[in-house]
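In what follows, a structure is listed as C-alpha cells, so that the remarks can point back to it.
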Amino acid sequence: MKMQTDILILGGGIAALQAARRLSMRFEVHIITKADLTASSSYKAQGGIAAVIAASDHTSLHIQDTLTAGEYHHHEENVKSLVEYGSTAVRKLLKEGFPADHSLQGEISLGLEGAHSHHRIVHAGGDATGKNLVDYYVNALPKNVHIHTYEFAYELLLNGAGECCGVRVKTKAGEKTYFASYIILATGGAGALYEYTSNCPDSYGDGIALAYLAGAAITDMEFIQFHPSLLYVDRVHGLISEAVRGAGGKFIDEDGHAVMSGKHPLGDLAPRHITAYEMYKMRDQGKSVFIDITSVKNFNDQFPTIAKLCRNHGVNLSAGRIPIAPGSHFLMGGVIANSVGETTIPRLLAVGEVACTGVHGANRLASNSLLEGIVFGESLAVHLLKSGTAQSDFIPASASKKESFQPCLTKEDLQREMSAHVGIVRSEHSLSKMLSKLPSLTLHPDFSCKSREEIELAFMHITAALITNAALSRPESRGAHIRLDISEKKQDWEQRWIVFQEGIMKVRNDLYEHNQIKEHASPIL
Ligand code: SIN
C-alpha cells in the first residue's frame, strides 16, 4: 500500500505532537508510531517541564544550570533559545489552559529537581505531567492530523537528489510506503539498549539507526544519562522522580546512612550523572539503596503515580523508604539537527530526544526534555510553515547493492552486555570487549525479508555500535561519560563532537561545522 502526504512524523511524544499541532495549520500531517500514543518517554515523564516562570527566577540562571549540569559540552546559542523561548512557550501553554498544578493560594506550583538553582518545574497531576501534557495535545489535534499506531518504520527513502522523500513501514497487516514532502524523526531515545531503564521497553534507538543508514550525521552517542532512582523490587519497574528528592527525599543505604553526604555540594540534588554513579558504586559493593521519604509531606497526594507504582510492587510506603537502582534514562546525543530541525539530509528533520541540537551537553538538566520537545517542535513547525515547499520527486533512487547484516546477540544478551561494558562506567577494556561482540556495521543492510523483530534487533546492534565506538573514542570522563581508566576531563576534548556518517567517524570542534580534526578521522569499527 502506498500513500502520499505533506508531512510525515515518526513518533508520538511531545516533540511530535507540538510540531503536528502547528504544522496542521497549513499541511496534512500523518503521525506513525510503533506502539500507541501512551508508549513514549514524554507520556511517562513524571517530574515536569523546566521553565522560568517565577518572578524571582531568571533565564540566565536556567541557562547557567543547564550548562553546569551538562559540563559545558553545549551549543550555547541553542541553549539560550531553549530557555528563553521555553519560558515564553510554557507561559503561553499555561495561559491557554494546560492543567498544571497550583497551590492552595492559586499560584502555579513549581517543583525542584537536581542541579536547578530555583524551583522551576511546572507539573501536572502531581507526578503525571507527561500523561497530562500528551493527553492535552492529543485532545486538541485537528482532523488533518492522522495517527497510525503499531506501524514500524524500517527504511528512509531518498530520491535521486539525495532528499528524503518517504518511509517504508511494517504494519500488523503487511507493508506500507509513505511518501511525504518532509519526514520528521521524533522517535525518542534508546534506553532499552540496557537491562534497567525508565524508558518504554521497545525504546531501541530506531530513529538513530534509520537516520544513520540513510546517511545522516550522528553525534554525542557516548553521552547516555542514567537516572539514579528507578523502583527496584527484584528488577526495575519504573521511575521514582527526582521531584521526590526535591520535596525532601534522601538517598540512604540499608542502615539509614545518607549516601550523598559529603559527595557533592548539592547533596541529594546533585547532577544526575553524579547521583547515578554513587548509587551504582553502592550496588556494585553489594549494598541496597533506598530513598527515604519520611520528610516528604503528603507523599500520596504529591506523588500519586509513584505511590501506586510502589503499592503495585509490594512496597509499603509507611515504612518510609523506597528501594531503588539506577537505570538508563536519556540519550543526549542523536541525529545532528539545527534549531529548526534540519539534519544533514534535505527534507529529513529531527526533533526531541532523537535529535542532537547540543542543548543537553554531556548530561541533561532535569525536566529540560519536555521543554525541548515544546520549543524545538514549535520552531521546526514555524520554519516549515514559512518556507516549506512541496516535493515533486517521489522516486526513490535505486538502492545500492544490499548486504546481509546478521545481528549476533539476542536482545537480552545485548542489553546485558551494554549494561556491563558501556553502562554507567566504561573503560578501554570494557568498550573493546563490547565491540568484539558486535558485528561490523554495514551501510546497506538487506531487510527485505526480515520481520519487524529482526529489524529491531539489527537497529539495536547499530545504535549500540555507535554508542560503543563513541565511548571508546572519547579518552576522558565528562558528564555522563564516565571512564574508569581516565577519570579526568581533558582540555583538548573540550567542545569536541564525535560524529558518525557513512561509515566514517570524525571529531569536530563545532557541532555544525565540518571542521574535523584530520588525525581523528577513521573508519567505524
Ligand atoms: C524525573 O522526574 O526524575 C525525571 C525528569 C527528567 O528526566 O527530566
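Taking the Cα centre of the chain as the origin and placing charges on Cβ (Lys, Arg +1; Asp, Glu -1), which of Val359, Leu457, Leu266 is farthest toward the positive end of the dipole?
Toward the positive end, the furthest listed residue is Leu457.
Between their Cα atoms, which of Lys131/Lys450; Lys250/Lys433; Lys131/Lys281; Lys80/Lys250; Lys401/Lys506 are more than 29 Å away from each other?
Over 29 Å apart, Cα to Cα: Lys131/Lys450; Lys250/Lys433; Lys131/Lys281; Lys80/Lys250.
Along the positive direction of the dipole of the chain (beta-carbon charges: Lys, Arg +1; Asp, Glu -1; about the Cα centre), which of Thr187, Thr149, Leu441 reaches farthest?
Thr149
Please list the non-local residues whose amide H lies under 5 Å from the amide H of Gly166, H modeled 1.01 Å from N, same-chain partners needing a gap of 5 or more.
Placed amide hydrogens put Leu157, Ala180 under 5 Å from Gly166.
Could you derive backbone 3J(HN,Hα) for region 356-365 from the dihedral phi with the Karplus parameters 6.51, -1.76 and 1.60 (θ = phi - 60°), listing whole Hz in sequence and x where the residue is Gly or Pro?
Along region 356-365, the couplings run 10, 10, x, 8, 9, x, 8, 6, 5, 6 Hz.
Using the Cα centre as the reference, give the magnitude of the dipole from point charges on the C-beta atoms of region 178-322 (Lys, Arg: +1; Asp, Glu: -1; all else neutral), rounded to the nearest 20 debye.
380 debye
I'd like to know which of Phe394, Thr344, Gly373 lies farthest towards the positive end of the charge dipole of region 291-412, counting +1 on Cβ of Lys and Arg and -1 on Cβ of Asp and Glu.
Gly373
Sort out for me the Cα centre separation of region 321-340 from region 61-125, rounded to whole Å.
A separation of 17 Å, based on Cα centres.
How big is the antiparallel share of DSSP beta bridges in the chain, given as a percent to the nearest 5?
Here the share of antiparallel DSSP bridges comes out near 65 percent.
Can you list residues from other chains, or at least 5 along the same chain, whose modelled amide H is less than 5 Å from the amide H of Leu511?
none
Using θ = phi - 60° and the Karplus form 6.51 cos²θ - 1.76 cosθ + 1.60, what ³J(HN,Hα) does each residue of region 190-196 get, whole Hz, x for Gly and Pro?
3J(HN,Hα) across region 190-196, in whole Hz: 9, x, 7, 6, 10, 5, 10.
Can you compute the charge dipole magnitude of region 144-228 about its Cα centre, using +1 on each Lys and Arg Cβ and -1 on each Asp and Glu Cβ, nothing else charged? Give it in debye, rounded to the nearest 20.
Working: 4 positive and 9 negative charges, 65 e Å.
So the dipole magnitude of region 144-228 works out to roughly 320 debye.
Using Cα-Cα distances under 8 Å and only pairs 6 or more residues apart, what relative contact order does region 50-168 have, in percent?
20 percent
What does the charge count near Val90 come to, summing +1 for each Lys or Arg and -1 for each Asp or Glu among other residues with Cβ under 13 Å from its Cβ?
Neighbourhood net charge equals -1.
Under the rule of at least 5 residues apart or a separate chain, name every residue whose amide H is placed under 5 Å from the amide H of Gly361.
Amide H neighbours of Gly361, under 5 Å, 5+ apart: His75.
What dipole magnitude, in Debye to the nearest 20, does region 346-479 give about its Cα centre under +1 on Lys/Arg Cβ and -1 on Asp/Glu Cβ? Numbers along the way, then the final one.
Details: 14 positive and 14 negative charges, 40 e Å.
Rounded to the nearest 20 debye, it is 200 debye.
Report ³J(HN,Hα) in whole Hz for each residue of region 244-260, in order, from the Karplus equation J = 6.51 cos²θ - 1.76 cosθ + 1.60 where θ = phi - 60°; Gly and Pro get x.
5, 6, x, 9, x, x, 9, 6, 10, 8, 5, 8, x, 7, 5, 6, 8
Read-outs: derived from the displayed coordinates by stated rules, not from any lab. Here the structure is a predicted model, which is why all the values come from computation and not from measurement. No Cβ is skipped: glycine too gets one built from the backbone with ideal geometry, and neighbour counts run over all protein chains shown.
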